[in-house]
1. How large is the convex hull of the C-alpha atoms of segment B:163-253 per residue, in Å³?
2. Considering amide H positions built from the backbone, and no H for Pro or chain starts, which residues 5 or more places from residue B:291, or on another chain, come under 5 Å of its amide H?
3. On a straight-distance basis, which lysines could pair with residue B:170 in a cross-link, Cα separation under 29 angstrom, same-chain partners fewer than 8 positions away excluded?
4. Using the beta-carbon distance between residue A:30 and residue A:59 and R0 = 25 Å, what value does 1/(1 + (r/R0)^6) give for FRET efficiency, to the nearest 0.05?
5. Which of B:232, B:221, B:248 sits farthest toward the positive end of the charge dipole of segment B:151-269, with +1 on the Cβ of Lys and Arg and -1 on the Cβ of Asp and Glu?
6. Running Debye on chain A with equal point scatterers at the Cα sites and no solvent, what base-10 log of I(q)/I(0) appears at q = 0.11, 0.13 Å⁻¹?
7. On average, how many beta carbons from a partner chain sit within 10 Å of the beta carbon of a residue in A:267-278?
8. Can you list the residues, at least 5 places off or on another chain, whose amide H is less than 5 Å from the amide H of residue A:161, using H built in the peptide plane?
Amino acid sequence: MDFFLNDKFGQMLLVIIAFAALIAVLLAIAWAADKWVGKGRRWAALAVFGGPALLLLVVGLIYPAIRTFYMSFYDAGTNNAVGLQNYIFTVTNTGAVIAFRNTFIWVFLVPIASTLIGLIYAILIDRSRLEKLAKSLLFLPVAISFVGAGIIWKFVYEYRGAAQEQIGLLNAFITWLGFEPVRFLQDAPWNTLFLIAVMIWIQAGFAMVILSAAIKAVPTDIIEAARLDGVNSWEMFRNITVPSIRPSLVVVLTTISIATLKIFDITRTMTGARFDTQVLANQMYDYSFVFGDNGVGSAMAVVIFILVIPLVAFNIRQMAKNRSVRG
Amino acid sequence: MRTTARRTGAAVAGGLAFALALTACSGSDLGGGGGDGDEGGGDAACEDYADYGTFEGDEVTILSSIREQEADQMEDTFVDFEECTGIDVVHNGIGEFETQVVVQAEGGNAPNLAIIPQPGLLARLVNDGYIVEPSEQTVTNAQEGWTEEWLNYGTVDGTFYAAPLMASVKSFVWYSPTAFAENGYEVPTTWDELIALSDQIVADHGADGVVKPWCAGIESGGATGWPATDFIEDMVLREAGPEVYDQWVTHEIPFNDPQIYAATERAGSILRNEDYVNGGIGDSRSIATTSFNDGGLPILDGNCFMYRMASFYEAQWPEGTDVSPEGDAFAFYLPGDDADSKPLLTAGEFVGAFDDNEATQAVQAFMSSGEWANLRVTIGGVTSANNAVDPANASSDVLRLAIELLQDPDAVTRFDGSDLMPSAVGAGSFWTGMTEWIDGADTQTVLDQIEASWPAS
């Protein structure tokens, strides 16, 4: 027994055995539910297959959501009710305008730019000889964490005074051309755009992969028919490709929008949200965990949640539509 | 049949990944205990530990922000203690300690002990009802080892909760003794001499705009700005004195008081002086985007001569740097207005207990003792203001100097002010405000903003 409790490998083995046992029990119950005969069969199957998922959903999502909503009406330590005060603070504090403005710029630019770049790239490399290599190149950044990407780009944007030796890639290039070095991360409002570039760098690969697959799924008979009608490349893109992949385009756009609305890591790593680069999610983290004000932090979380709802709803509706089209 | 087989395979693979993730998490909890006994554990003189009592298989968990080598060094101090008392001391060092300790306490999952680096955080944990009072022995130990002032930082609303553990000196200026010797510069002992030296360096080296007397950097990710708050606190101690400093930290005077304004301007006479900063990197605004880890390194290239940073900066010098009074890098005390007054900005850590189990109390008492402080300082890398510590035990010249300053009866020591202020200010508007200030914002506007953000209650 000592081996299982005190040795790291033993502990791992113990956990694996426990997990395998759990899976076995679950499978046995599912098998039993499957064998059930009679009126309750439908309900038994529902409970066995849907129950665990529902339970996890309640524990991991629904309860925290309700608790956050509850806490947003209380003070810093969740002791006294303060009514709507936290919400009023969320939209009126000195940093609020900047956080809302920047989040809006992020959510506006990132999905559009990423999708456009991904789409153009996907069309350009489609059926070319080096397609796989070209695809992997653009897809690489998707595998890098936001914090990692932030650190990489911080070096690219690094600033040194004009009299100094430049160690940042971009400024080395700019001074080599004979211009003054640029403070990429320090001069508002442009610094937000330079942070956004990092997010686009990450997301364009994601958009490209999905859209490339969609383009390949366009039926060849439509394309051939169009060719026979003598359309040029632009007309083919405008009238055939884009309408055919429209559902995928919408899903990519909304998915990236939702990810962007939650953007937090890039600003935190690259500027610490200083120099007017604050965004909503980072502000929420600051208030909840750094300043210790659970009330304001929760209110900000609720506001972000409300902002995400239309995007999610649109996304789900679009996916449902796709399904009904496909039959 | 084939799909079923594949699904089972996927479930098992998923299960494995999940199990691996679980063990990866639990490994740090279970495997972190006090070393393997190579620190002379076998021949421990157990009579030294007899007072703590003997326990059979009790486990005491400690949560802290101390990690990697420093964590190993700290865990080594428990080897003999564990052997003689039978307590298994499990230390768990994590990043984001400040947020995690609150989350764990609120979640009913608190450790037995926590090493808390901020009195403000200690007060928050006490007020939320998580920290319990220490045993009589801890109180006695703390009173024997530490000055009244240090005990005060572990006291909340008149009740003593947490004994100081380690201390560091923040009022240090790093410089290169070899570069000073080559140029015939002397280590300044008063503020006026410091400014005169800065002007001298500008006259000698300032022509091309690369070499400047001072280096600075305040970037620190989400905590960007804290080195600047330390600079301001040092200036408040010099410009307005310790009494005003106390009033400022406790908000008896407003944050934008004229005396604080004057102190900020004095910091600005260095940090916002284009002739003085930022050697090897750029202008004054570049301080805001230079990380504090890299801030002092241009000293080694001769691009700047001085860098105000705490004693722990010793760890930042690249491997092979000779850190000694005649070497490539060393520190002098950031002077006061005259050579006799020695205002000293300090920081430290405090051990708070989340329960009153006997084993927890025994470990807490051990950590508050002079024996522990000496043991820890001897192992190296840290300093302590415990007056039982012999400076000769320090592992380096800088740390010896720091311990001597900490124990100097003439020194007027004050704890890092931003750590004492409410976190909305101390970890919030003070940091952001100082970053904006370095970035060029008007001093009065910044101070007014910070004052406005002070929590009402």
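1. On the way: hull volume 16.2 nm³, N = 91.
Convex hull of Cα atoms, per residue: 178 Å³.
2. The answer is B:219.
3. A:154, B:212, B:342
4. Efficiency computed from Cβ-Cβ geometry: 0.75.
5. The one lying farthest along the dipole's positive direction is B:221.
6. Normalising to I(0) and taking log10 leaves -1.02, -1.18.
7. 5
8. It is B:282, B:283, by chain and number.
FYI, it's all coordinate maths here, none of it is from the lab. The shown structure was predicted, so the numbers you read here are calculated from the model rather than taken from an experiment. All Cβ positions, even for glycine, are placed from backbone atoms using ideal geometry, and neighbour counts span all protein chains on display.
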